[in-house]
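Trainee: Next up is a structure, given as structure tokens.
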Amino acid sequence: MEWNADLYRDAHAFIWNYGQSLLSVLEPRAGERILDVGCGTGELTAEIAAAGATVVGIDSSPSMIDAALAKFPQLDFRVDDAASLSVDGPFDAVFSNAALHWVLRAEDAAASMARVIRQGGRLVAEFGGHGNIATLQQAYASALAESAGVEFRSPWYFPALGAYASLLEAKGFEVTGATLYDRPTRLEGREGLTNWYRMFLGNWLAPLDTDAQARVLERAERLCEGQFRGEHWVADYRRLRVVAVRR
Ligand code: BEZ
């Protein structure tokens, strides 16, 4: 997936705005060493640093890391893969907001995070859970099939709560809290839904000509029309929030 860091930062600020409540679960403290997995453009990483912790932000996208370094040049950002972390531990905590659903090698990611957290250290993570954006995904799959003859495959990992808790336990964590909750998310403006599709699923449109792209997006919008609230769209996000301690 090629990321457009400018579009991500400008049009999807809700991603780290929602991340504030996860930061309050993390409670970063001065002197702690914390790893931010999937840091994107670095806004939450900077808040962890502002609490006095020493933080490393990693992301698999070089364009995200370039954008993070441009905005927060004093911080430590690196390109790295959550499923095979090369950053050296130990960390007191691993934090991850809205990123782990992109890591299809979920077992490898859990093992990798367990390897870099010290014994007794914590994992505080939130990402898409089972049923996340089911309406948006189903509409896009149908629109691609009907309007372009393309078979869509989801690029995401949205696990059920029990399955993910078991996975973490198998990799050396004790899960102390887990919640799966609906978080309807506003997509600003009449173009909000097509902007979202272009941002996160644009690679499915890229091989199509301009007319076919427009047909797919129009059809997907039609199929999602129950999500339109007059001036904005509402995406059917569902979050899985987990807190776990390294045994
Ligand atoms: C999410 O945060 O749940 C998400 C964001 C973009 C694409 C898919 C899921």
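For (1) open to solvent by 20 Å² or more (accessible area, probe 1.4 Å); (2) over 22 Å from residue 183 (Cβ atoms), each residue gets a yes or a no:
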{"site": "16", "(1), (2)": "yes, no"}
{"site": "26", "(1), (2)": "no, no"}
{"site": "40", "(1), (2)": "no, no"}
{"site": "64", "(1), (2)": "no, yes"}
{"site": "71", "(1), (2)": "yes, yes"}
{"site": "90", "(1), (2)": "yes, yes"}
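Trainee: Residue under question is residue 132, and the condition is that it be within 16 Å of the ligand (Cβ to nearest atom), surrounded by 14 or more Cβ atoms within 10 Å (Cβ to Cβ) and within 20 Å of residue 103 (Cα to Cα); does it hold?
Mentor: Yes: the conditions hold for residue 132.
Trainee: Just to be sure before I move on: is residue 155 within 15 Å of the ligand (Cβ to nearest atom), under 30 Å from residue 120 (Cα atoms), at pLDDT 95 or above and out of contact with any Ser or Thr (no Cβ under 8 Å at 6 or more places or on another chain) in the structure I sent?
Mentor: no
Trainee: Next question. Any residue in region 92-113 that is within 18 Å of residue 161 (Cβ to Cβ) sitting within a Cβ distance under 8 Å of a residue that is of a type in the set (Ser, Thr, Tyr) and assigned to a loop (DSSP other than H, G, I, E, B)? List the pairs, counting only those 6 or more apart or interchain.
Mentor: Hits for this filter: 100/157; 101/157; 103/157; 106/157.
Trainee: Could you please find all residues in region 42-62 being of a type in the set (Ser, Thr, Tyr) and either open to solvent by less than 30 Å² (accessible area, probe 1.4 Å) or under 16 Å from the mean Cα position of the chain (by Cα) (or both)?
Mentor: 45, 60, 61
Trainee: Here is a follow-up. Which one of 219, 186, 215 is in contact (Cβ under 8 Å) with a residue 60 or more places away in the chain and outside any helix (DSSP H, G or I)?
Mentor: 186
Trainee: Across region 199-212, what is the total count of residues that are open to solvent by 20 Å² or more (accessible area, probe 1.4 Å), in a helix (DSSP H, G or I) and touching a residue at least 12 places away in the same chain (Cβ under 8 Å)?
Mentor: Here the count works out to 2.
Trainee: Follow-up question, since we're still on this one. Going by the conditions given, is residue 35 closer than 18 Å to residue 116 by Cα and touching a strand residue (DSSP E or B) at 6+ places or on another chain (Cβ under 6 Å)?
Mentor: Yes, satisfied.
Trainee: Spot the failing condition for residue 83; the list is (1) assigned to a helix (DSSP H, G or I); (2) under 20 Å from residue 157 (Cα atoms); (3) within 16 Å of the ligand (Cβ to nearest atom), and only one is missed.
Mentor: Failed condition: (3).
Trainee: Considering region 230-241 alone, what residues qualify as being open to solvent by 40 Å² or more (accessible area, probe 1.4 Å) and under 25 Å from the mean Cα position of the chain (by Cα)?
Mentor: 238, 241
Trainee: Restricting attention to region 161-191, report how many residues are over 16 Å from the mean Cα position of the chain (by Cα), hydrophobic (A, V, I, L, M, F, W, C) and open to solvent by 30 Å² or more (accessible area, probe 1.4 Å).
Mentor: So the count comes out to 5.
Trainee: For region 222-247, which positions are within 16 Å of the ligand (Cβ to nearest atom) and either among the basic types (Lys, Arg) or outside any strand (DSSP E or B) (or both)?
Mentor: 224, 227, 236, 237, 238, 239, 241 - these are the residues of region 222-247 that are within 16 Å of the ligand (Cβ to nearest atom) and either among the basic types (Lys, Arg) or outside any strand (DSSP E or B) (or both).
Trainee: Now, a different point. Quick test of your reading of the structure: residue 149 fulfils all but one of (1) of a type outside the set (Lys, Arg); (2) open to solvent by 10 Å² or more (accessible area, probe 1.4 Å); (3) in contact (Cβ under 8 Å) with a residue 24 or more places away in the chain; (4) more than 16 Å from the ligand (Cβ to nearest atom). Name the failing condition by number.
Mentor: Result: residue 149 fails condition (3) only.
Trainee: All but one of (1) away from the ligand (no atom under 16 Å from the Cβ); (2) over 26 Å from residue 232 (Cβ atoms); (3) open to solvent by less than 10 Å² (accessible area, probe 1.4 Å) hold for residue 143; state the number of the condition that does not hold.
Mentor: With (1) away from the ligand (no atom under 16 Å from the Cβ); (2) over 26 Å from residue 232 (Cβ atoms); (3) open to solvent by less than 10 Å² (accessible area, probe 1.4 Å) applied to residue 143, the lone miss is (2).
The values are calculated or read from the model by the stated rules, or taken from the named source; none is laboratory data. Keep in mind that what you see is a predicted model, and the values were worked out from it rather than measured. Note: ideal-geometry Cβ built from the backbone for every residue, glycine included; neighbour counts use all protein chains shown. Please note that ligands, DNA and RNA were not included when accessible areas were found on the heavy atoms of the full protein model with its side chains. Shrake-Rupley method; radii C 1.70, N 1.55, O 1.52, S 1.80 Å.
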